[in-house]
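Have a look at the structure below, then the notes.
The values are calculated or read from the model by the stated rules, or taken from the named source; none is laboratory data. Computed from a prediction, not measured in an experiment: that's the story for all the values here. Because the Cβ atoms are built from the backbone with ideal geometry, glycine has one as well, and the counts that use them run over all protein chains shown. Areas reflect the complete protein model, heavy atoms only, side chains present, ligands, DNA and RNA absent. Shrake-Rupley method; radii C 1.70, N 1.55, O 1.52, S 1.80 Å.
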Amino acid sequence: MTYTTTTAQIQEAREMDAIDPLRSYRDLFHLPLRENGQAFIYLNGNSLGLQPKSVRKFVEAELLDWEKYGVEGHFKPVDPWVDYHELLTRSTAAVAGALPSEVVVMNTLTVNLHLLMVSFYQPTAGRYKILMESDAFPSDRYAIASQVKFHGYDPETAVVQLRPRQGEVLIRMEDLEKVLEEEGEQIALVLLGGVNYYTGQRFDIGQITRMAHAKGCRVGFDLAHAAGNIALDLHRDGPDFAAWCTYKYLNSGPGNLGACFIHERHAYNPELPRFEGWWGHNKQTRFNMRQAFDPTPGAEGWMLSNVPVLPLAAMRASLEIFDEVGMPALVEKSKKLTGYLESLLKGLENERIRIITPAHPDERGCQLSIQIQNGDKSIFRSIREKGVIADWREPDVVRVAPVPLYNTFEEVCRFVGILAMAIEETK
Ligand SMILES: *Cc1c(COP(=O)(O)O)cnc(C)c1O
């Protein structure tokens, strides 16, 4: 049977768009255009979020300050550069469900994972292992293995991989529990994703933190695919630390800086080892330059370098939108939009399609990972040709993320028709 999106379905999708309280936010973003001038159906906000139109204004303001003030831009402008990062703190804390003192925007994600492992991975002869997902993002695997080696341990024995069961793709909580039961006393650090980049599976940060802390492990989360996607409550859930990038769901621009969370309980802990730099030093005496390191209490005490103002200006533009919408409204739309995508995909009744992302809305964010039996990259190329930007993971998975800030129900509906057509073509 050849599947096409019916006019009735498009009509229904448009009706959902018409009553969507967030519908106007799409206009705040630049949508990439096809050669024919029409907008792509952009379902790749999980890799790189779209550009808010207001970015230009924010960046130009800083270019102008630089032009006008030179070095005095650090203190003279309305938004002085010396503590420009603080302009992002409140919004970042809101996205993370953290206290403002628990978050800081600095460096990039992999760099921050290393810095945080310096503080929170302190192996001893008896407790030296790191627990991670077998299918973690490659950069996290490299960072973890190299930290283990740096401390003189062998990744073969010191990195414990949490694996899905044979024939399954998702991680089961009871399997995590079992690993902690068996090896918890040897595990120094549990470092997992908040949402897995490949399967879209979401982990329960609070529950995992409680289980790991009960075994005496430190706990950190990589929230690259969680920040700006799911509701986070880091302060209450209580992990020791977390880190995320901001160019995915947080739309800050390619390679922009990351953010970190360090729980309040560590804010004043002078025992915690850390790598030090002048921007982590107490602001009051930073420019005396002669004193021993006196860390700023809270997450800012982990800063190393002075603030890269231009990328942060771009990030401000995006966070302003998040402030206005708020995570609860975003999540509400996100669940509807992704639920709609799921229902249309199921409606295809195509036995070659399998959604590997968890079916329960609380166990995922907006991304669905669609496995296509006997599919290959030609499907991906075909949907690109037909106007969809998504993401392909070898051997057979298309990842799509309908983003509540700028995607529409109509786009989701059209995408499903296009995907069905592309699959049909590659029989
Ligand atoms: C996107 C992503 C990264 C990328 O790291 P960068 O240091 O920002 O290049 C790392 N880990 C995960 C889980 C990711 O999803």
Handout entry: Any chance GLN186 is touching a residue at least 12 places away in the same chain (Cβ under 8 Å), over 29 Å from LYS335 (Cβ atoms) and open to solvent by 30 Å² or more (accessible area, probe 1.4 Å)
Key = yes
Problem - Hits in the stretch 230-252 - residues which are assigned to a loop (DSSP other than H, G, I, E, B) and within 12 Å of the ligand (Cβ to nearest atom) - result: THR246, TYR247, LYS248, TYR249, LEU250, SER252
Handout entry: Any hit, the stretch 144-166, residues being assigned to a loop (DSSP other than H, G, I, E, B), touching a residue at least 40 places away in the same chain (Cβ under 8 Å) and open to solvent by less than 80 Å² (accessible area, probe 1.4 Å)
Key = no
Exercise for the section: Give the residues of the stretch 253-280 that are out of contact with any Pro (no Cβ under 7 Å at 6 or more places or on another chain), on the phi < 0 side of the Ramachandran plot and not hydrophobic (A, V, I, L, M, F, W, C), sorted by residue number. Expected result: PRO254, GLY258, GLU264, ARG265, HIS266, ASN269, PRO270, GLU271, PRO273, ARG274, GLU276, GLY277
Problem - Lone qualifier among ASP135, ASP204 - being under 19 Å from ASP222 (Cβ atoms) and surrounded by fewer than 17 Cβ atoms within 10 Å (Cβ to Cβ) - result: ASP204
Handout entry: Complete set of residues in the stretch 140-198 that are more than 15 Å from the ligand (Cβ to nearest atom) and hydroxyl-bearing (Ser, Thr, Tyr)
Key = TYR153, THR157
Problem - Some residue of the stretch 93-109 being at pLDDT 95 or above, hydroxyl-bearing (Ser, Thr, Tyr) and either within 16 Å of the ligand (Cβ to nearest atom) or touching a Gly at 6+ places or on another chain (Cβ under 8 Å) (or both) - result: yes
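Kindly indicate whether any position in the stretch 116-125 is touching a helix residue (DSSP H, G or I) at 6+ places or on another chain (Cβ under 7 Å), farther than 28 Å from PRO155 by Cα and at pLDDT 95 or above.
We begin by selecting, within the stretch 116-125, every residue touching a helix residue (DSSP H, G or I) at 6+ places or on another chain (Cβ under 7 Å); these are 117, 121.
Filter again for farther than 28 Å from PRO155 by Cα, leaving none.
Within the stretch 116-125, not a single residue is touching a helix residue (DSSP H, G or I) at 6+ places or on another chain (Cβ under 7 Å), farther than 28 Å from PRO155 by Cα and at pLDDT 95 or above.
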Practice task
Restrict the check to the stretch 46-57 and report whether at least one residue is of a type outside the set (A, V, I, L, M), open to solvent by 20 Å² or more (accessible area, probe 1.4 Å), touching an Asp or Glu at 6+ places or on another chain (Cβ under 8 Å) and under 30 Å from VAL397 (Cα atoms).
Solution key: yes
Practice task
Kindly check whether there is at least one residue in the stretch 278-299 that is in a strand (DSSP E or B), open to solvent by less than 20 Å² (accessible area, probe 1.4 Å) and in the same structural domain as MET132 (by TED's automatic domain parsing).
Solution key: yes
Problem - Within the stretch 315-363, tally of residues that are over 19 Å from GLY417 (Cβ atoms) and in contact with a helix residue (DSSP H, G or I) (Cβ under 7 Å, 6 or more places away or on another chain) - result: 11
Exercise for the section: Tell me which of these LEU304 doesn't satisfy, since it passes every other one: (1) open to solvent by 60 Å² or more (accessible area, probe 1.4 Å); (2) more than 30 Å from ARG34 (Cβ to Cβ). Expected result: (1)
Problem - Residues of the stretch 71-123 satisfying the condition of being among the β-branched types (Val, Ile, Thr), closer than 24 Å to SER318 by Cβ and out of contact with any Ser or Thr (no Cβ under 8 Å at 6 or more places or on another chain) - result: VAL78, VAL82, THR89, THR92, VAL95, THR108, VAL111
Exercise for the section: Please name all residue pairs, on different chains or six or more residues apart, with Cβ atoms under 7 Å, provided the first residue is in the stretch 387-407 and is over 21 Å from PRO361 (Cα atoms) and the second residue is assigned to a strand (DSSP E or B) and among the hydroxyl-bearing types (Ser, Thr, Tyr). Expected result: ILE389/TYR42
Practice task
Report yes if some residue within the stretch 35-44 is out of contact with any helix residue (DSSP H, G or I) (no Cβ under 7 Å at 6 or more places or on another chain) and within 16 Å of the ligand (Cβ to nearest atom); otherwise report no.
Solution key: yes
